[in-house]
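Comments concern the structure below.
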Amino acid sequence: MRRIAWMTDIHLNFLEAERQMEFVRRVRSHRADSILVGGDIGEAASVGDYLRFLATRLGVPVYFVLGNHDYYGGSIAEVRRAVRRLTAEVDGLHYLSECGPVALSSDVGLIGHDGWGDGRFGDFLRSPLVLNDYVHIREISGLSRADLLARLNALGDEAADHVRGTLTDALRSFRHVYLLTHVPPFREACVHAGRPSDDDWAPHFACRAVGETVREVMTAAPDRRLTVLCGHVHERGRCEVLPNVEVHTGGTEYGDPGVQGIFDIRGRSRGE
């Protein structure tokens, strides 16, 4: 039976080298056959090095998406280009935002995309929040509030288009699909400090475009199952948004990353 270890928001740039090696040893102790990494691995200048480090040290296939922090100090387009080059060089390293469905078994598939807080939940234009994203990521810095919202909408739509295509393809072959993403696609999963995000916070921390796509596709496939694995909000949680769609949100703290869950290919899970 294959074991899949899922982790998210590991922020390896907050760890000294010795703590990074300790983290790898903890992950390896789970004896997983594949690793899923849900983004926020480092920052623009370091994410490639950390991905190479994980693939080399873990010694099993690593499937990943990127998070907003992985673009800090750089450009979305440039980081993605660099990561594409890296995955061509490093065996066993797979960027799901650039992949079609992956077979985990004859009956279970895997898809993924970074996702993005697309500004569509809550009231983005009146929200007083200014995330570091809007300062430290080239494509979304220095914009008016209205232009920023339009850019976030476009990033959400890009994610939704990828998910629509790969999920539709995956459901033709697999009865159970895992979707790995960084940003929660549903407001129900956008929880912090035990409470749902309000209209000020929700626009920045959930991707409505992906959630609506998932609801549409999975409503039309009631005999199929989808398990969504996401992060971003640093709060562990689980919710069921449809009878055949379950969402797990990873909880972690800066400087103390861990495995969020161990899944077998039939979908049962155990926390770390």
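Laboratory data are not the source of any read-out in this text; all were calculated from the coordinates shown. Everything numeric in this text was worked out from a predicted model, so none of it was measured. A quick note on method: Cβ atoms are made from the backbone with ideal geometry, for glycine too, and the neighbour counts reach across all protein chains shown.
Please report, in whole Å, how far the alpha carbons of the range 118-161 spread along each principal axis, starting with the longest.
Over the range 118-161, Cα extents along the principal axes are 28, 24, 15 Å.
Can you compute the modelled spin-label distance between A221 and R3, with each label point 7 Å from Cα toward Cβ, in nm?
2.9
Which ³J(HN,Hα) values, rounded to whole Hz and listed in residue order, are derived for the range 140-151 from phi using the Karplus coefficients 6.51, -1.76 and 1.60 in 6.51 cos²θ - 1.76 cosθ + 1.60 with θ = phi - 60°, glycine and proline given as x?
Coupling constants for the range 140-151: 10, 9, x, 9, 5, 4, 5, 5, 4, 4, 4, 5 Hz.
Please rank V47, V90, V83, fewest neighbouring Cβ atoms within 10 Å first, as an exposure proxy.
Working: V47 27, V90 16, V83 20.
The order, fewest Cβ neighbours first, is V90, V83, V47.
From the convex hull of the Cα coordinates of the range 125-257, what is the mean projected area in square nanometres?
With every direction weighted equally, the projected area is 8.8 nm².
Starting from the amide H of R225, placed 1.01 Å from N in the peptide plane, find each other amide H under 5 Å away whose residue is 5 or more places distant or on another chain.
H176, V177
Using only alpha-carbon positions, what ratio does the radius of gyration of the range 3-270 give when scaled by 2.2 N^0.38 Å?
Details: Rg = 17.2 Å, N = 268, 2.2 N^0.38 = 18.4 Å.
Compactness ratio reported: 0.93.
What ranking do M218, M7 get, fewest neighbouring Cβ atoms within 10 angstrom at the top? It would help to have the intermediate numbers written out before the result.
Details: M218 22, M7 26.
Going from least to most buried by this count: M218, M7.
Could you tell me what percent of the DSSP beta bridges with both partners in the chain are antiparallel, to the nearest 5? Don't skip to the answer; put the middle values down first.
On the way: 16 of 43 bridges.
Restricted to the chain, the bridges split so that about 35 percent are antiparallel.
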